Amino acid sequence: MTGAALCAVLALVVVSWLVRDIRAVDADQLWRYWAGFPEARPQAMPATSPLDVALLVVYVVAVVAALRSSVAATVLVATGVITLAVRLPGLWGIGSDRMESVFSDDLRSRALISAFVALAAGIALLITAGAGRRPPADSYEQLPSRPGPGASVAAFLMLGAAGAVLIAWEIRQMVRFPEIYPEWYVGGERVPQGAIDPPPGWGTAALALLCLVAAASALFHAVHARPFGLVAAALLLPGGGLGVVRIVHYDLLDDFGSLPTETQLTILSWIFEVFAALVVLIALAPRGFADVPGPYGPGTGPGYGSGEFGPPGYRPTPYPGQQPPAPGYGYPQGSGGFGPPPPPSQPPPCW
């Protein structure tokens with residue numbers, strides 16, 4: 001319940017800022033500003049970005065997952081980590097000269113309070129996840145699950161490639177516009193950003209790192225691969241989705257061959273981000289294999305429902321005079337799923 005309450009607080013903080021922007025900016029203009037349309041003329045500077053919508057979805061899903069006992073720990077960890085990564089720049093960015101010229105003192109004070117609340121909630125989520133880890137109460141309680149082989153490969157390829165694409169564009173921008181650094185990552189006069197959002201470079205770097213960590217986790221079938229991969233896909237989708245909106249709005253595919261090479265690569269990157277996010281969401285959303293303790297994992301290894309024990313292929317030699325059990329008599333054999341059969345009821349000769 002503690003984790004669900006913390007995620008609900010984070011969701012309410014985001015909702016309050018979205019409501020502020022809809023009232024102050026107008027929903028249609030806010031949408032156009034988020035989509036990057038040059039003709040967007042908002043009445044006031046928006047304090048949010050599409051990232052906040054994705055975070056709201058993550059928080060709502062985390063509230064639901066936090067109510068599912070032992071399954072919630074990895075979800076709370078992923079939610080806490082991304083909250084800390086995204087909200088940390090708010091501690092120093094809100095006091096910059098540009099923020100003072102764009103937002104009122106009251107709005108900046110609220111943004112600073114929201115940053116402190118979000119960071120405190122993120123740390124509390126990590127503590128709650130660590131303190132709440134426990135073995136299942138009974139055999140019917142749902143266990144955390146690891147992604148299956150196919151889902152792991154898909155998540156590894158898509159998230160790894162998406163992280164590499166984001167890093168490649170950051171390197172390209174650093175070479176092309178060196179004058180905006182380091183403000184691109186820590187905030188400054190030449191970098192526009194919302195009141196509660198990180199600088200663009202910081203957000204992109206955090207998302208790229210999250211994608212790479214989730215890809216590596218999926219490769220090794222880690223328990224936290226599903227929540228981290230789903231969060232990474234949820235945060236990857238808005239950027240690519242709004243890019244596709246710009247492609248459709250300006251009919252960029254009609255004259256794709258005549259566009260500059262860099263513009264073509266940008267278009268392909270937007271489309272790939274949407275494709276990668278959807279593939280990861282589809283692959284990791286279903287539950288995988290239960291996290292059964294032991295050296296062999298769930299449902300594998302010698303002696304698991306195989307009617308034998310010891311090394312693979314080994315069967316105990318019957319004692320002299322011992323007859324094999326008749327079908328339908330005694331303990332279930334084969335696929336009963338209870339491990340190796342019990343020892344014989346009669347001791348060996350000369351015992």
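The values are calculated or read from the model by the stated rules, or taken from the named source; none is laboratory data. Note that the structure is predicted; figures quoted are calculated from it, not measured. Backbone-built Cβ (ideal geometry, glycine too); neighbour counts: all protein chains shown. Areas reflect the complete protein model, heavy atoms only, side chains present, ligands, DNA and RNA absent. Shrake-Rupley method; radii C 1.70, N 1.55, O 1.52, S 1.80 Å.
In the range 6-30, the residue that is modelled with the lowest pLDDT out of those that are in a helix (DSSP H, G or I) and among the charged types (D, E, K, R) is Asp28.
Scanning the range 5-62 for residues that are among the hydroxyl-bearing types (Ser, Thr, Tyr), under 17 Å from Gly203 (Cβ atoms) and more than 22 Å from the chain's Cα centre (by Cα) returns a single hit, Tyr33. Residues being more than 22 Å from Arg172 (Cα to Cα) and touching a helix residue (DSSP H, G or I) at 6+ places or on another chain (Cβ under 6 Å) are represented in the range 234-248 by at least one member.
Considering only the range 255-274, how many residues are under 30 Å from Gly148 (Cβ atoms) and free of Cβ contacts under 8 Å to residues at least 40 places away in the same chain? So the count comes out to 4.
Here the range 31-46 is the region considered, the condition is being among the aromatic types (Phe, Trp, Tyr) and in a helix (DSSP H, G or I), and the residue that is most open to solvent (accessible area, probe 1.4 Å) is Trp31. Could you tell me how many of the residues in the range 254-281 are loosely packed, with under 12 Cβ neighbours inside 10 Å and in a loop (DSSP other than H, G, I, E, B)? The total comes to 3.
Of all residue pairs spaced 6 or more apart or on separate chains, those with beta-carbon atoms under 7 Å, a first member in the range 40-54 that is over 15 Å from Ile22 (Cβ atoms) and a second member that is among the acidic types (Asp, Glu) and crowded, with 17+ Cβ neighbours inside 10 Å are Leu51/Asp197.
For the range 142-247, the helices (runs of 4 or more DSSP H) that sit wholly inside it and include 2 or more residues that are under 20 Å from Ile82 (Cα atoms) and in contact (Cβ under 8 Å) with a residue 60 or more places away in the chain are 149-176, 200-219. Exactly one residue among Gly239, Gly229, Gly243 is within 24 Å of the chain's Cα centre (by Cα), under 24 Å from Leu56 (Cα atoms) and open to solvent by 20 Å² or more (accessible area, probe 1.4 Å), and that residue is Gly239.
Let's see how each residue does on (1) more than 23 Å from Gly241 (Cβ to Cβ); (2) polar (S, T, N, Q); (3) surrounded by 19 or more Cβ atoms within 10 Å (Cβ to Cβ):
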| position | (1), (2), (3) |
| --- | --- |
| Leu56 | no, no, yes |
| Val60 | no, no, no |
| Ala66 | yes, no, yes |
| Thr74 | yes, yes, yes |
| Ala78 | no, no, yes |
| Ala85 | no, no, no |
| Ser104 | yes, yes, no |
| Ala115 | yes, no, yes |
